[in-house]
1. Can you bin the range 64-161 into rounded, prolate or oblate? Criterion: square roots of the alpha carbon gyration tensor eigenvalues sorted a ≥ b ≥ c, rounded for a/c under 1.5, prolate for a/b above b/c, oblate for the rest.
2. Just need the relative contact order of the chain here, percent rounded to a whole number, with Cα pairs under 8 Å and 6+ apart.
3. Taking 8 Å as the Cα distance limit and 6 or more residues as the minimum spacing, I'd like the relative contact order of the range 185-240 as a percentage.
4. Restricting to DSSP H runs of at least four residues, report the calculated mean residue ellipticity at 222 nm for the chain, -39500 (n - 2.57) per run over all residues, nearest 500 deg cm²/dmol.
5. Going through the cross-link list 228/280; 238/258; 104/131; 228/270; 216/312, which pairs have a Cα-Cα distance over 21 Å in this structure?
6. Tell me the GluC sites (Glu not before Pro) within the range 191-242 that lie in a loop according to DSSP and have at most 16 other beta-carbon atoms within 10 Å.
7. For Rg/Rh (Cα atoms, Kirkwood Rh), the listed values are (i) 1.12; (ii) 1.02; (iii) 0.99; which was obtained by calculation from the structure presented?
8. Among 44, 152, 124, determine the one that fluctuates most according to a GNM of the chain built with springs between C-alpha atoms less than 10 Å apart.
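Laboratory data are not the source of any read-out in this text; all were calculated from the coordinates shown. Everything numeric in this text was worked out from a predicted model, so none of it was measured. Backbone-built Cβ (ideal geometry, glycine too); neighbour counts: all protein chains shown.
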Amino acid sequence: MVKIANKLTAKKSYSQKAYLGRFPYNLVQSGNLEKYYNLLTNFQFIAEKINHPEFGVDALINDYDLVDDPEVLTNPEYNPHKVRALELIQGALKLSAHILSNDKTQLIEQLWGRLMSFEVPEIQAMLEVAKQSKATPWLRPLTPNLTTPGGQLIRTLTGHSDSVYAVALTPDGKYVISGSSDNTLKVWNLETGQEKSTLTGHSHWVYAVALTSDGKYVISGSFDKTLKVWNLETGQEKSTLTGHSHWVNAVALTSDGKYVISGSSDNTLKIWNLETGQEKSTLTGHSHWVYAVALTPDGKYVISGSSDNTLKIWNLETGQEKSTL
């Protein structure tokens, strides 16, 4: 009897996994959009997928992307009003993803607080089912109390344990790299909001981040007085550039990826050969900390900003100061 019970449990578990994982896709592929709309506005399906150990909120968010399939747009069952409902629910889930990833029990409160103001029949019906499913007393707001979907904020990326000071994007826009005073860099998948990897090695705050134009390497500047070069694909440290006598506040790269320019609280800029890791030259002239560095598109000039209240323009080739603003 125990073996039979175990088999039935396993079969039920397998069927539920297949249902939660493939059913939305199968409905779209078969052209059954009406059932697809109904499924993704069904609170029970939403709750089960979020709480399933092999899926979660990001897998559910991806289900709503199926509505953009080219075949859907030409399907006779295509309904822009119901598509709008799905977009709002997906938007609410994206806004809540960082919370639900840590605490799935907040699903009802998150959906209610973000969607209650939308007079969309499918959404109101879903919220009513969600409300009825709440078995214990809860503080249900009477007016919208959370950021609603459709605005400027899309989602929040969480994971650093201290302030975030620098952000850079890969050229293809797929990944975000952040630098923090928790001494790490994190690589994030911009589409899913998930952390891809953490780059550790600095012994103090990471204050500046830049990427090579081919997106292969990340260069970070830190309060530990060093710059580090990282392989973005592997997350491994490639080299450390040492020479500054104080914090590294700013980092910029030439468009050809050959040179890195750093600005420091030692009042200087340094030019580094990225391939060899060797210092090419030091630009001196500021009387206080250098906080910002940028390059002209042709790579001929470096512009630096300092807490001595000036900007300076430098000839990158000669290292000479051209002018002071």
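1. In terms of gyration-tensor shape, oblate.
2. Contact order relative to length: 7 percent.
3. So the answer I get is 24 percent.
4. -9500 deg cm²/dmol
5. 216/312
6. Filter output for the range 191-242: 191, 233.
7. Answer label, from the structure shown: (i).
8. The residue that fluctuates most here is 152.
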